[in-house]
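K.L.:
Below you will find the structure I want to go over with you.
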Amino acid sequence: MAEVLDASEDRPVWASRLRAERAARGWSQADAIRALRAHSRERLPTDSTLLRNWKRWEAGGTEPDPFYKTLIAKTFGTVTAAFFPPQTSHDADRALFAGTGMETLEILARVRASDVSPSTLDALTVTADRLCCEYPYIPSEQLHTEGQAWLRRLTSMMDRRLTLSQHREVLTLAGWVALLVGCLEYDMGDRRTAEGTRRAALSLGEEAGNSAVVAWTHEMRAWFALTQGDYRGAIAAAEAGEEMATSDGAAVQLAAQRAKAWARLGDRRQVETALDQGRRLLESLPYPADVDHHFMVDPAKFDFYAMDCYRIVGENRLANMYAQEVISSSTDPHGIPRKPMRIAEAWVTLGVTAARDGDVEAAVSHGRQALEGDRKSLPSLLMCSRELADTLASHYPDKGEVASYLDEVRALTMASR
């Protein structure tokens, strides 16, 4: 069982990942440059030159240029910005959405006015973005309460004197907030209410003529089906959404949901096809203005998709390597989790690979670590935790620590009903 990568290494993170990706595939450095050549449409230097470059890259002494960064990411089946993250400050990204130019009370006062000014709509847009950016780490109940309050305010504005463009803008904002509220309801285990909110978001998106909102409602439907074990339904929902979302983050996530469903149906070829489709699209998109925004797919999330799929199809070394990358990219430099729900599923993945390697103690420890976080998406976490529980129960039914962990998973399952 490989240990989580040590973030204190002297080499750059990308150099450590270069070695980890190669090792997970059992490649020598010579194998790696042959794969690099196979994925390039351009004529590359001689093998000796490439090998010399590769050694320098892996040692962290020389950083690849943009051409080779893209080629390396393509060779390993991921996106450039996941492998080589842009050097942007998270605080700077958050600052893009931090100020509305108005305090909440002023926004509310303007919302109650008979006429709605452009500055009010701008402030409401930033407020909706702020809510969506708080999804990864604010407790579900707290964010749900605030989201519902703003959704009521937005829908009440429909009766005001609005121009046609303002009406569409308010409908769109209400659609985004409804999507967020529906996701939170599902996270908390309230399936029926979440489905009703999803349908409301679909209606708002259709009335506004906003294909992105509509596409994300299909993504929610695919997610619901996947976590409830309806894999064919997840694929159908993803395909329906992909007809609406041709070139944005929703299309990437829809492809990922399709890949996850095919993995659980045991079709490796369809998994690879869906992942590659999502990878190519994500590679073409601009880097998100805020990587915390729930309805923007950040490049690091592609590792999260791949981790899930490789765990299911039994590619233990790849699943383990991607889990380490997910933990690393989801934790800030001070060791504080930025994406606790992703980290939780990464710990489950490490637990599954440990169980398959016969390390029961590590498997149970990782599984418990996944259940400890305050911010949970219960359906997704339970889906993954049951996979670990089934692996442990089938191979180590007589182990006391296994029985204890299985009880914890059952208790969480009962609490979600």
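Derivation of every value follows stated rules applied to the coordinates shown; laboratory data play no part. Everything quoted here is computed from the prediction, not taken from an experiment. Positions of Cβ are backbone-derived with ideal geometry, glycine not excepted, and every protein chain shown enters the neighbour counts.
K.L.:
Could you work out the Kirkwood radius for the stretch 224-266, taking every pair of different alpha carbons, averaging 1/r and inverting it, reported in Å?
P.N.:
The answer is 10.1 Å.
K.L.:
Continuing with the same structure: Arranged by the count of other C-beta atoms within 10 angstrom, fewest first, what order do Arg19, Arg410, Arg198 take? Present the calculation step by step, with values, prior to reporting the outcome.
P.N.:
Working: Arg19 17, Arg410 12, Arg198 25.
Listed from fewest to most nearby Cβ atoms, that is Arg410, Arg19, Arg198.
K.L.:
Please compute the length gained on full extension between Glu206 and Ser165, using 0.36 nm multiplied by the number of residues separating them and subtracting their Cα-Cα distance.
P.N.:
13.3 nm
K.L.:
In what sequence do Trp27, Trp150, Trp176 fall when counting other Cβ within 10 Å, fewest first?
P.N.:
The fewest-first ordering by Cβ neighbours comes to Trp27, Trp150, Trp176.
K.L.:
Can you tell me the mean projection area, over all orientations, of the convex hull of the chain's alpha carbons? Units nm², please. Please list the in-between numbers first.
P.N.:
Numbers: hull surface 83.7 nm².
Computing the convex hull of the Cα atoms and averaging its projections yields 20.9 nm².
K.L.:
On a straight-distance basis, which aspartates and glutamates could pair with Lys399 in a cross-link, Cα separation under 20 angstrom, same-chain partners fewer than 8 positions away excluded?
P.N.:
Correct list for Lys399: Asp357, Asp359, Glu361, Glu387, Asp390, Asp407, Glu408.
K.L.:
May I ask you to list the aspartates and glutamates whose Cα is less than 18 Å away from that of Lys74, ignoring any residue fewer than eight positions away on the same chain?
P.N.:
By straight Cα distance, Lys74 reaches Glu21, Asp31, Glu42, Glu58, Glu63, Asp65, Glu272, Asp276, Glu283, Asp298, Asp303, Glu325.
K.L.:
Additional query: Output needed: percent of Cα pairs per 10 Å distance bin for the stretch 314-417, bins running from 0 to the one holding the longest distance.
P.N.:
17, 49, 30, 4, 0
K.L.:
Hey, rough spin-label estimate for Arg280 and Ala149, points 7 angstrom out along Cα→Cβ, what's it come to in nanometres?
P.N.:
In this crude spin-label approximation the distance works out to 4.7 nm.
K.L.:
Which value in nm describes the separation of the simple spin-label points at Lys399 and Ser365, placed 7 Å from the Cα toward the beta carbon?
P.N.:
That separation, rounded to one decimal, is 1.2 nm.
K.L.:
Over the alpha carbons of the stretch 13-76, what is the largest minus smallest coordinate on each principal axis, giving the biggest first in Å?
P.N.:
If we take the Cα atoms of the stretch 13-76, the spans are 27, 23, 21 Å.
K.L.:
Using alpha carbon centroids, what distance separates the stretch 275-325 and the stretch 194-222, in Å?
P.N.:
After rounding, the separation between the Cα centres reads 23 Å.
K.L.:
Sequence neighbours fewer than 8 away in the same chain don't count; with that in mind, list the lysines whose C-alpha is under 23 Å from Lys376.
P.N.:
Cross-link targets: Lys260, Lys301, Lys339.
K.L.:
Shifting gears a bit: Before rounding to the nearest 500, sum -39500 (n - 2.57) across all DSSP H runs of length at least 4 in the chain and divide by the residue total; then give [θ] at 222 nm in deg cm²/dmol.
P.N.:
-23000 deg cm²/dmol
K.L.:
If r is the Cβ-Cβ distance from Asp65 to Ala289 and R0 is 35 Å, what FRET efficiency results, to the nearest 0.05?
P.N.:
Values: r = 26 Å, r/R0 = 0.74.
E(calc), rounded to 0.05, equals 0.85.
K.L.:
At 7 Å along the Cα-to-beta-carbon direction for both Arg410 and Ile138, put a label point, then send me their distance in nm to one decimal.
P.N.:
Label at Arg410, label at Ile138, 3.7 nm between them.
K.L.:
Sort Arg52, Arg342 so the one with the fewest other Cβ atoms within 10 Å of its own Cβ comes first.
P.N.:
Arg52, Arg342
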